1. Scanning the stretch 80-115 for residues that are within 14 Å of the chain's Cα centre (by Cα) and more than 13 Å from Ala136 (Cβ to Cβ), which turns out surrounded by the most Cβ atoms within 10 Å (Cβ to Cβ)?
2. For Leu156, all conditions in the list (1) touching a strand residue (DSSP E or B) at 6+ places or on another chain (Cβ under 9 Å); (2) touching a residue at least 24 places away in the same chain (Cβ under 8 Å) hold save one; what is the number of the exception?
3. For the stretch 99-123, which positions are within 15 Å of Val133 (Cβ to Cβ) and in contact (Cβ under 8 Å) with a residue 40 or more places away in the chain?
4. Ala132 is checked against (1) touching a Lys or Arg at 6+ places or on another chain (Cβ under 9 Å); (2) surrounded by fewer than 17 Cβ atoms within 10 Å (Cβ to Cβ); (3) over 22 Å from His221 (Cα atoms) and fails just one. What number does that condition carry?
5. Quick check, is Thr173 within 26 Å of Ile273 (Cβ to Cβ), hydroxyl-bearing (Ser, Thr, Tyr) and surrounded by fewer than 17 Cβ atoms within 10 Å (Cβ to Cβ)?
6. Identify the single condition in (1) in contact with a Leu (Cβ under 6 Å, 6 or more places away or on another chain); (2) closer than 20 Å to Gly183 by Cα; (3) part of a strand (DSSP E or B) that Arg74 does not satisfy, given that it satisfies every other one.
7. For Pro127, indicate whether it is more than 24 Å from Leu151 (Cα to Cα), touching a Lys or Arg at 6+ places or on another chain (Cβ under 9 Å) and touching a residue at least 12 places away in the same chain (Cβ under 8 Å).
8. I'm told Val277 meets every condition in (1) at pLDDT 95 or above; (2) within 16 Å of the ligand (Cβ to nearest atom) except one. Can you identify the failing condition by its number?
Amino acid sequence: MIIQRPRPADGPGIALFVLVLMPELPEVEVTRRSFADRIAGAVIRELRLGKPLRWPLGVNAQTVAGQRIQAVRRRGKYLLLDLDSGLLLLHLGMSGSLNFAPHQPAAGPHDHMDLLTDRGTLRLHDPRRFGAVVWAPSEYSPQAQKLLGHLGVEPLNGGFEAAAFHAALRQRTAPIKQVLLAGDIVVGVGNIYASEALFLAGIRPTIRASKISRPRAWRLHEAIIAVLSRAVEQGGSSLRDFVSAEGKTGYFQLEAAVYGRAGQPCRVCATPIRSIVQGQRTTFYCPTCQKH
Ligand SMILES: [Zn+2]
């Protein structure tokens, strides 16, 4: 579960609720780190699925029983559990969270997957059920590529290069914020992080991606890496587990430069932060620091 804090600046209705709750790449990476080492090497005893999730498993759940979990990797917002044969792809959707513990209490109404192993149970809690647990014979099979094939490069593993990023932006005439959110150039720059990275780079979210000059594209490249790395280091922006364990609320709730701060003074120049809606998502920016 994740912090539930409505923000008036995001506008009314359920959409803002989702926007605040949705796990982005840093949350998924923090989740991966929370159990990857402990579950690697464990043998699956049983896969129990509850109510239908976004997609069906794609195979009889008994197929994975007896298999060893080799490793837990991340690609975009998917977690990949490599098994002796094939892999499980897990997605947290809009409200999902994973918890791995030696002993879990009885499954509640929103617990839709229990992966029982000889070391503990990995549980998916997902009230809105946009999450997914999908089996695929390999990462390169059609079943897996349907989910992973369109993903852009990973921003944090060294494969994200400034020159290639600039070249890709030059091909796009859509506003830069929406190009980042699409995730097919670089993955993981969700709504919060796109607003923050564009502020850090001094780029107006509405400018056409193709109009961004080379030095500004390089600055944005650096800003994306900085914002996402910082969020991972700080434990993701909105994991409740992190909050309760550390006794403080998520990083961006406290220190966002622009996200969720409409009407409040810019931390650099004191101009009131503006919010606009782009592609049904709220964007925040400083009209002075991000002139064009
Ligand atoms: Zn400013």
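1. Within the stretch 80-115, the match that is surrounded by the most Cβ atoms within 10 Å (Cβ to Cβ) is Gly96.
2. (1)
3. Here is the first cut: in the stretch 99-123, the ones within 15 Å of Val133 (Cβ to Cβ) are 99-100, 107, 110-117, 121-123.
Once the filter is applied, which keeps residues that are within 15 Å of Val133 (Cβ to Cβ) and in contact (Cβ under 8 Å) with a residue 40 or more places away in the chain, the stretch 99-123 yields Asn99, Phe100, Ala107, Asp111, His112, Met113, Asp114, Leu115, Leu116, Thr117, Leu122.
4. Only one criterion in (1) touching a Lys or Arg at 6+ places or on another chain (Cβ under 9 Å); (2) surrounded by fewer than 17 Cβ atoms within 10 Å (Cβ to Cβ); (3) over 22 Å from His221 (Cα atoms) is unmet by Ala132, namely (2).
5. On the way: within 26 Å of Ile273 (Cβ to Cβ): no; hydroxyl-bearing (Ser, Thr, Tyr): yes; surrounded by fewer than 17 Cβ atoms within 10 Å (Cβ to Cβ): yes.
Here the answer is no, as Thr173 does not meet what is asked.
6. (1)
7. Values: more than 24 Å from Leu151 (Cα to Cα): yes; touching a Lys or Arg at 6+ places or on another chain (Cβ under 9 Å): no; touching a residue at least 12 places away in the same chain (Cβ under 8 Å): yes.
So Pro127 does not fit the description; no.
8. (2)
The values are calculated or read from the model by the stated rules, or taken from the named source; none is laboratory data. The shown structure was predicted, so the numbers you read here are calculated from the model rather than taken from an experiment. Glycine also receives a Cβ, built like all others from the backbone with ideal geometry; neighbour counts cover every protein chain displayed.
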